[in-house]
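*Asks:* Following this message is one structure expressed as structure tokens.
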Amino acid sequence: MLCQLSYKKFWDLPGGVVDPYESPAHALVREIAEELGATATITGLRVVSWLPPWRGWDDAMLYLFDVELDRPAGEFALQRKEIAGIHFVGLDELDDHVAAYTAKVIRRAVTAIENGESGVYLENGDEPGWA
């Protein structure tokens, strides 16, 4: 499930930036409530990826969690100033809609699910050289 964002070209996973003193898990639950009007229950962690500094942003960490939502996408109350739409996209369609980095992370998360892995560590979306 991808969010078509109203403020940038590429679609993205639901979520957002962590507020000061907020955990990444709490930030995801908050962002889903704010942007989709849904209640999220985190069921696991799939991928953590370190991001290098980019366009004035400091380095960062991306956490990709498994989440169950309390309602189907057709019942979301979208925050229209940020979310223009919700789309379900197959792996073969990712490159048409998301940034290359996001496609790498999503594909690795799907592989983690298939292999029963959790907490996979990446650096800029790639397996680190020491792994």
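*Asks:* Provide the convex hull volume over Cα atoms per residue for the chain, in Å³.
*Replies:* 126 Å³
*Asks:* Lys104: which lysines have alpha carbons under 16 Å from its alpha carbon, excluding same-chain residues fewer than 8 sequence positions away?
*Replies:* Within the straight-line limit of under 16 Å, Lys104 reaches no lysines at all.
*Asks:* Next question, about the same structure. Please compute the per residue accessible area over segment 21-131 with all protein chains in place, 1.4 Å probe, rounded to a whole number of Å².
*Replies:* So segment 21-131 comes to 60 Å² accessible per residue, rounded to a whole number.
*Asks:* Is it possible to state the helix-based mean residue ellipticity at 222 nm for the chain, with each DSSP H run of 4+ residues giving -39500 (n - 2.57), the sum divided by total residues, to the nearest 500 deg cm²/dmol? What is it?
*Replies:* So the calculated ellipticity at 222 nm is -7000 deg cm²/dmol.
*Asks:* Would you tell me the accessible area of Phe88, worked out with a 1.4 angstrom probe on the heavy atoms of the protein chains, in Å² to the nearest 10?
*Replies:* Answer for Phe88: close to 140 Å² accessible.
*Asks:* Where both residues lie in the chain, what percent of DSSP beta bridges are antiparallel, nearest 5?
*Replies:* 75 percent
*Asks:* What ranking of Asp126, Asp96 comes out by heavy-atom accessible area, probe 1.4 Å, highest first?
*Replies:* My answer, sorted largest first, is Asp96, Asp126.
*Asks:* Continuing with the same structure: Under the rule a/c < 1.5 gives rounded, and otherwise a/b versus b/c splits prolate from oblate, where does segment 8-59 land using the Cα gyration tensor?
*Replies:* Verdict is prolate for segment 8-59.
*Asks:* With every protein chain left in place, what is the accessible area of Tyr63 in Å² (1.4 Å probe, nearest 10)?
*Replies:* 90 Å²
*Asks:* Leaving out same-chain residues fewer than 8 places away, which aspartates and glutamates sit with a Cα under 13 Å from that of Lys81?
*Replies:* Glu34, Glu35
*Asks:* Still on this model: Roughly how many whole Å is it from the C-alpha centroid of segment 75-123 to that of segment 10-43?
*Replies:* 14 Å
*Asks:* Rounding to the nearest 10 and keeping the result within 0 to 90°, find how far the Cα-based axis of helix 100-115 lies from the longest principal axis of the chain.
*Replies:* 80 degrees
The values are calculated or read from the model by the stated rules, or taken from the named source; none is laboratory data. Values in this document were obtained by computation on a predicted structure and should not be read as measured data. Heads up: the accessible areas ignore ligands, DNA and RNA and are worked out on the full protein's heavy atoms, side chains in. Shrake-Rupley method; radii C 1.70, N 1.55, O 1.52, S 1.80 Å.
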